[in-house]
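Presented below is the structure to which this report refers.
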């Protein structure tokens, strides 16, 4: 049975608080306040905040504490427009340029993600999903393209977007994309990635719209 560490438990709790609006976009928090609210020591909470910051969910400012990242439906729409342009190109290039080592790493990343989905480790799914995409885009052998895509992924806190409702569908899409890359089928890899990102966009827009409505009704 999977038992999370204290750092993982703190991360899950804070991520959930961001997702359900207990910690609001733009809200400033301190390490001591969060540790008190979670009834934990400072160390696991500090670890969780570093992880959240690396994922774009919070912004840490020297000597000023931590601010919950702000994101809007409008911002998400702009980012997904760019993702739909860039990520299918990266998948196409990956199918063309992937080495044996790339293929092995992509296959491993897919296996790790499938395992997390099968075991219901929702807290790990978002991070492993990002890892799989990163492995594919790295295989494109285009550092600038990968850099631009990384910036887009950090533009909206995707780890705060629930993947539960579409995990199985997403898993099927991932397997099809990876198969196209492994088969060096660049056109199909590009097409499948476009479809995958398009579906993810619709789900993200829905969740952000629901969150905006909930925040408005509570105001």
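For (1) within 24 Å of residue 8 (Cα to Cα); (2) under 13 Å from the mean Cα position of the chain (by Cα); (3) in a helix (DSSP H, G or I), each residue gets a yes or a no:
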position	(1), (2), (3)
77	no, no, yes
84	no, no, yes
88	no, no, yes
94	no, no, yes
110	yes, no, yes
132	yes, yes, yes
150	yes, yes, yes
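The residue of the stretch 19-46 that is nearest to residue 58 (Cα to Cα), among those that are assigned to a loop (DSSP other than H, G, I, E, B) and at pLDDT 90 or above, is 27.
With respect to residue 14, determine if the residue is in a helix (DSSP H, G or I), under 21 Å from the mean Cα position of the chain (by Cα), on the phi < 0 side of the Ramachandran plot and assigned by TED's automatic domain parsing to the domain that holds residue 176. It is false that residue 14 is in a helix (DSSP H, G or I), under 21 Å from the mean Cα position of the chain (by Cα), on the phi < 0 side of the Ramachandran plot and assigned by TED's automatic domain parsing to the domain that holds residue 176.
The residues on offer are 128, 110, and the sole one that is touching a helix residue (DSSP H, G or I) at 6+ places or on another chain (Cβ under 6 Å), in the same structural domain as residue 205 (by TED's automatic domain parsing) and touching a residue at least 24 places away in the same chain (Cβ under 8 Å) is 110. Scanning the stretch 96-108 for residues that are outside any helix (DSSP H, G or I) and surrounded by fewer than 15 Cβ atoms within 10 Å (Cβ to Cβ) turns up just one, 99. Going through (1) at pLDDT below 95; (2) on the phi > 0 side of the Ramachandran plot one by one, residue 165 falls short only on (2). Do we have residue 8 as crowded, with 17+ Cβ neighbours inside 10 Å, in contact with a helix residue (DSSP H, G or I) (Cβ under 8 Å, 6 or more places away or on another chain) and either under 20 Å from residue 126 (Cβ atoms) or in contact (Cβ under 8 Å) with a residue 60 or more places away in the chain (or both) here? Taking the combined requirement at face value, the residue satisfies it.
The values are calculated or read from the model by the stated rules, or taken from the named source; none is laboratory data. Everything quoted here is computed from the prediction, not taken from an experiment. Note that we place each Cβ from the backbone using ideal geometry, even for glycine, and neighbour counts take in every protein chain shown.
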